[in-house]
1. Output yes when any residue across segment 146-154 is at pLDDT 80 or above, hydrophobic (A, V, I, L, M, F, W, C), out of contact with any Gly (no Cβ under 8 Å at 6 or more places or on another chain) and in a helix (DSSP H, G or I), and no when none is.
2. Among the residues of segment 41-57 satisfying the criterion of being among the polar types (S, T, N, Q) and more than 16 Å from Thr101 (Cα to Cα), which is modelled with the lowest pLDDT?
3. Taking segment 67-99 as the search range and keeping residues that are farther than 23 Å from Asp113 by Cα and basic (Lys, Arg), which one is surrounded by the most Cβ atoms within 10 Å (Cβ to Cβ)?
4. Look through Arg16, Arg44 and report the one residue that is part of a helix (DSSP H, G or I) and basic (Lys, Arg).
5. Counting only residues that are under 14 Å from the mean Cα position of the chain (by Cα) and either within 15 Å of Thr45 (Cα to Cα) or among the hydrophobic types (A, V, I, L, M, F, W, C) (or both), how many does segment 59-82 have?
6. So which residues in segment 21-66 are within 15 Å of Leu129 (Cα to Cα), surrounded by fewer than 20 Cβ atoms within 10 Å (Cβ to Cβ) and touching a residue at least 60 places away in the same chain (Cβ under 8 Å)?
7. Would you say Arg102 is within 27 Å of Leu6 (Cα to Cα), of a type in the set (D, E, K, R) and either open to solvent by 70 Å² or more (accessible area, probe 1.4 Å) or over 18 Å from the mean Cα position of the chain (by Cα) (or both)?
Amino acid sequence: YDADALRWWFVHDVPRNGDADFREELLAARANELADDLGNLVNRTIALVARLEPLRTGTPVAGSTALPAAIDVALRAFDLRTAAAPLWEVVAEANRYVSATRPWELENAARADVLATLLATCRLVSHELAPFLPAAAERVAAALDNLDPQRGRALFPKVRIPAGARRAR
């Protein structure tokens, strides 16, 4: 497991007060969450923009305007779990947006708007990810700046849960 997976487990599963439940399958689940949710979003966005559209300025997906303030408030209270929750809600919303809009099927102007929105969302997420996963945030930002699909694929490695381990829910 890499540092990003361990950090994301700490942010997601370790409460501010009290004990934490550590199991290898929970760590694997957090690593795969990074790969499946954030990594997939960034990779799809880069691949679509690089293949289909020149760059255009856009605004992030709905619900993301309050993201920086929500994270700041929770971080001031030293509550990492609460701070990370709205970040992941934006990642989930952006993934739903890709599925709902299907930009690869849209005409030029509509497709450009969708891709600009996705790119702006990924850049916002990259910026807001920095307090939690600084190295990952830098990798995501660099991949978005270069729009290199090969670089986007290697952002977060998938982890296989060891044989005999229970799956985290």
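The values are calculated or read from the model by the stated rules, or taken from the named source; none is laboratory data. A quick note: this is a predicted structure, and the numbers were derived from the prediction, not measured. Cβ atoms come from the backbone with ideal geometry, glycine included; neighbour counts cover every protein chain shown. Each accessible area value is taken on the protein alone, full model and side chains, heavy atoms only, with ligands, DNA and RNA left out. Shrake-Rupley method; radii C 1.70, N 1.55, O 1.52, S 1.80 Å.
1. No: zero hits.
2. Among those that are among the polar types (S, T, N, Q) and more than 16 Å from Thr101 (Cα to Cα), it is Thr57.
3. Filtering first and then ranking leaves Arg81.
4. Arg44
5. Summing the residues that are under 14 Å from the mean Cα position of the chain (by Cα) and either within 15 Å of Thr45 (Cα to Cα) or among the hydrophobic types (A, V, I, L, M, F, W, C) (or both) in segment 59-82 gives 3.
6. Ala35
7. Here the answer is no, as Arg102 does not meet what is asked.
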